[in-house]
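**Student:** Following this message is one structure expressed as C-alpha cells.
What follows draws every value from the coordinates through simple rules; no lab data is involved. The structure presented is a predicted model; accordingly, all values stated were derived computationally and were not measured. No Cβ is skipped: glycine too gets one built from the backbone with ideal geometry, and neighbour counts run over all protein chains shown.
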Amino acid sequence: MSPLPGKTGNQRMERFQWCEAFKVGDGTVDDQHKRIFALLADLHQDIHGKHAQLAVRETLKQLLAYTQRHFADEEALMRSVEYPQFEEHKALHDELMDKVWGMYSRCQKGDEDLSIELLVFLNDWLTEHILEKDRAIGRYIRELG
C-alpha cells in the first residue's frame, strides 16, 4: 500500500478507499473519483463472493463504463482551461483503458487468476494517477483563478 503524501510510514492509505489526499478541487472530478473507488471496493468484495466470476465481470464492466465517462469529463475540463499537459494526460487515460479492456477480455474468457491482479493494478494506477496527474490539473486551475 502506498503511504499518504506527507505522512509517516505507519500512517498508510487503505486500499480501495477515497480520502482527502485525493481531492483535486473540482467537485465533479472528486465525486467521480469517489465513485470509481467505490466500484473498486465492490470489485474487491465480488472476488470473494459466492458467484465471484460473474460478479467480477459485471462490476468490472460497470467500472470500465464509468471510468470512460469520467475520463471524457476530465478531458473536457482540461480542454476548457487549455491545460498544457492535455495530450500527455489523455495518452495515460488511453493506455489505461487499453490495458483494462485487455484484462476484461481475459476475464470474459474465464481467466480466474486475473481478478486480484486487475484489482491491485487498478487501485495502484488510480492512486498514483490522482495523486500526481489529476491533482496537477487542480493546481493549474487554481493558479488560473
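**Student:** If the reach is capped at under 25 angstrom between alpha carbons, list the lysines near LYS99, excluding any in the same chain fewer than eight residues apart.
**Tutor:** Counting by Cα, and skipping residues close in sequence, LYS99 has these lysines nearby: LYS34, LYS61, LYS90, LYS109, LYS133.
**Student:** Related question: Hey, what number do you get for the chain at 222 nm if only DSSP H runs of n ≥ 4 count, each worth -39500 (n - 2.57), divided across all residues, to the nearest 500? Write down the numbers at each step before the final one.
**Tutor:** Values: 5 runs with 98 residues, N = 145.
It lands at -23000 deg cm²/dmol.
**Student:** Turning to a different aspect of this structure: Most exposed first by the Cβ proxy, i.e. fewest other Cβ within 10 Å, how do GLU117, GLU75 rank? Don't skip to the end; give the middle numbers.
**Tutor:** Details: GLU117 12, GLU75 15.
Lowest count first: GLU117, GLU75.
**Student:** Relative to the longest principal axis of the C-alpha atoms of the chain, give the angle of the C-alpha long axis of helix 114-128, reported between 0 and 90° and rounded to the nearest 10°.
**Tutor:** 10 degrees
**Student:** Magnitude of the Cβ-charge dipole of the chain, K/R +1 and D/E -1, about the Cα centre, nearest 20 debye? Write out the running numbers ahead of the final one.
**Tutor:** Values: 19 positive and 26 negative charges, 69 e Å.
Charge dipole, the chain, about its Cα centre: 340 debye, nearest 20.
**Student:** Another one. Roughly what would the spin-label model give for ASP31 and GLU128, points 7 Å off Cα along C-beta, in nm?
**Tutor:** A separation of 3.0 nm, rounded to one decimal place.
**Student:** Calculate, for ASP111 and LEU144, the FRET efficiency according to 1/(1 + (r/R0)^6) with r their C-beta to C-beta distance and R0 41 Å; round to the nearest 0.05. Working shown, then result.
**Tutor:** On the way: r = 45 Å, r/R0 = 1.10.
With a Förster radius of 41 Å, E is 0.35.
**Student:** With axes computed from alpha carbons, what is the tilt in degrees of helix 27-47 against the longest principal axis of the chain, rounded to the nearest 10 within 0 to 90?
**Tutor:** The helix 27-47 is inclined about 20 degrees to the chain.
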